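Please treat every number below as a calculation from the coordinates, not as lab data. A quick note: this is a predicted structure, and the numbers were derived from the prediction, not measured. When we count neighbours, we look across all protein chains shown, and the Cβ atoms used for this are built from the backbone with ideal geometry, even at glycine.
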Amino acid sequence: MSRILAIDPGTRRIGLAVSDPTGTLAQPLSAVERKGGQDWAEAIAALAGKLEAAEIVVGLPRHMDGSEGDAAADARRMAETLGTRTNLPVRLWDERLTTVAAERMFRETGVNTRRARRHIDSAAAVLILQGYLDRRKNCGGEE
């Protein structure tokens, strides 16, 4: 199996995580800034190449009722852009409450969430990826 790169889309930062080569565990990576003129898509495409990723998973933020809003539309555009830039399969994965769960993890360990903002984005990407990996494992392979 090859590595899978996961993305927690955000308006300021894009949280990143990568799987181990066996597709069992997710590990955080440094977030990519989305503002300031940086080409986030190029940075992520380069990272995917460096990691030899075989697939990209993009978190799809849905409302609690399952409907989609502006953030979901942005995530879909992001997924399309990354698919074009990397020629890798890009899958969307429901990410409801992953950022909330990541913030809670930091709070429970006594870390100020305001200071940990940069890390929260990547922690959310870890939760997205770990959920995806666990689902693949429990379903006997690919979705």
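Treating only the Cα positions of the range 1-93 as identical point scatterers, give the base-10 log of I(q)/I(0) from the Debye formula at each q in 0.16, 0.17, 0.21, 0.24 Å⁻¹.
Values, matching the q order: -0.61, -0.69, -1.03, -1.28.
Give me the distance in nm between label points sitting 7 Å out from Cα along the Cα-to-Cβ direction at GLU33 and GLU80, one decimal.
2.8
Tally Lys/Arg at +1 and Asp/Glu at -1 over every other residue whose Cβ is under 15 Å from the Cβ of GLU52; what's the total?
Values: positive: ARG3, LYS50; negative: ASP20, GLU55.
Overall, the nearby charge balance is 0.
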